[in-house]
1. Return a whole-number percent for the relative contact order of the range 18-94, with Cα pairs under 8 Å and 6 or more residues apart as the contact set.
2. I'd like to compare 220-230, 442-452: which one has the highest average count of other Cβ atoms within 10 Å, and what's the full order after that?
3. For a Förster distance of 41 Å, can you work out the FRET efficiency between the beta-carbons of VAL409 and ASP291, rounded to the nearest 0.05?
4. For the range 98-255, report the convex hull volume of the alpha-carbon atoms normalised per residue, in Å³, without decimals.
5. What GluC sites (Glu not before Pro) does the range 319-411 have in DSSP loop regions with at most 13 other beta carbons within 10 Å?
6. Taking R0 as 51 Å, what FRET efficiency do you get between ASP199 and ASP23 from their Cβ-Cβ distance, rounded to the nearest 0.05?
7. Before anything else, pin down the relative contact order of the range 261-309: Cα pairs under 8 Å, at least 6 apart, normalised by residue count, whole percent.
8. Starting with the highest mean, order 78-87, 35-44 by the number of other Cβ atoms within 10 Å, averaged over the residues of each peptide.
Amino acid sequence: MRTRWRARHVLAHQDGGHVLLRDGEVVWEDDVIVYVGPRYEGPVDEDRDLGASLVMPGLIDLDALTDIDHLVLDSWSDPDRGRGLQWSLDYFTHRRRDVFTPDERHTIREYALVQLALHGITTYMPIASEVHSAWAEPYEELVAMAETSRRLGLRGYLGPAYRSGVNVALPDGGRDVAFDEERGRAGLRDAIRFLDHLDKLADPLLTGVLLPCRIETLTEELLRETAATARRRDVLVRLHALQGMLERELTQRRYGMTPIQLMEHTGLFGTRLLVPHGVVVDRHPDVYGEDRGDLATLARAGVSVVHCPLTSLRYGSVLHSFGAYREAGINLCLGTDSFPPDLVRGMDVGVHLAKLADGRMDAAPAEQYIEAATLGGARALGRTDLGRIQAGAQADLVAFDIGDIRDGVQDDPVRTFLLNGTARQATDSVVAGRPVLVDRTLPGVDLAALQERAQRLFARMRAAYGERDILRRDADALFPPTFPPYRDGRDR
């Protein structure tokens, strides 16, 4: 089966980097690109003219939210309400439970994967909140998620998240981590079991990885065992670390080491390690505000930092800085980590945050963020056949409509798209040559029904926060409206 896409702009790959091809054509046979150029003379079985579109390599999201949106609830709280969004120690000890049934969790996963596809993401590595579960992610849930991913046709790097402990709010107003170490060991066993499951499944679109949770919620034993398993099985590890000052404080309190020192001490630097966020290093103003070698240490270890600029901004943090990490030789890739899973908005925010961090207009040009969303993600995954549009690469492509008058006048198509656009302009995508998004729709998915089910589940998720709040406030107290509701004077 030979297919051709034609479009006004194609972000092709040539001589080791991306190049802009005007009035370009991309042809693939089965799952591999066979031609990229101005005019293809041979026969094709299917031909699509995408008009005033920008065709790019499929976007790679390595911290992709596969849950119902929680940022809408927890990104604006004052300190008092913020404590109420954590587990209380009493909840951890006596009352923790699963908020959702397995079938409901399956719906949540489907909803999230559909969102990724609608926003032009073709390759993802999932992240989900464990706040609403009795512990972390069970094996069976990831097995079901893998089947949903296969049905939609996305390329996934999957594994159940596991942890030894959970962040809790203490009665004295402090914060700590409460541990259940055997649950952590069982979680790693399930993660290894899932690696075996995907090996037997032998689907080229699904790859098993190890996804331990936040570094402060893992014992030294579990970190060591994760590193040993990763080396033995030759699989990627993604570990959330260097996220905030509380994490640094908790890690130093328990282990007498910074998070970077703990990763090195437990052997994780001997693995193919991805670190989402990576914000709190020595350059951070709340640490030392100067370079004392952290970036060089990460670069020597071959760590890929999964930069999530939109989420960082919404929680009040920034990378110090995109340019400094690049100059240190760190591979930067991108993640969304929250809703919307819109890497276009994320890239635009990142470009402008970098200007503030470095005090320069050219601190992080648009092309560097595009490279992080494509080639950087491919490098993190060890894939030379992803993140690029060239003959021999996988046919993972996404098309964005950039011809609407609301997009404004156009100079450079990539720069203008990042400034004025959004990933909601995705119209079509293919993964391994197979259609995923077609004319802004996902064949076989009832979006309206899925949205209705997700809204009902969100209401239950919102209500459950009150169970965990140390003061047992209900959801209306924890999440007051922006403005008071309208009162009809006729009802008085």
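A short reminder: the numbers here are calculations on the coordinates, not readings from a lab. Everything numeric in this text was worked out from a predicted model, so none of it was measured. Positions of Cβ are backbone-derived with ideal geometry, glycine not excepted, and every protein chain shown enters the neighbour counts.
1. With pairs under 8 Å counted, the relative contact order is 15 percent.
2. Going by the mean number of other Cβ atoms within 10 Å, highest first, we get 220-230, 442-452.
3. For R0 = 41 Å, the calculated efficiency reads 0.50.
4. Details: hull volume 19.7 nm³, N = 158.
Per residue, the Cα convex hull of the range 98-255 comes to 125 Å³.
5. Values: sites: GLU327, GLU367, GLU371; in loops: none.
Hits after loop and neighbour filter: nothing returned.
6. Details: r = 44 Å, r/R0 = 0.86.
After rounding to 0.05, the efficiency reads 0.70.
7. Details: 45 pairs, mean separation 22.0, N = 49.
Over the range 261-309, the number comes to 45 percent.
8. 78-87, 35-44
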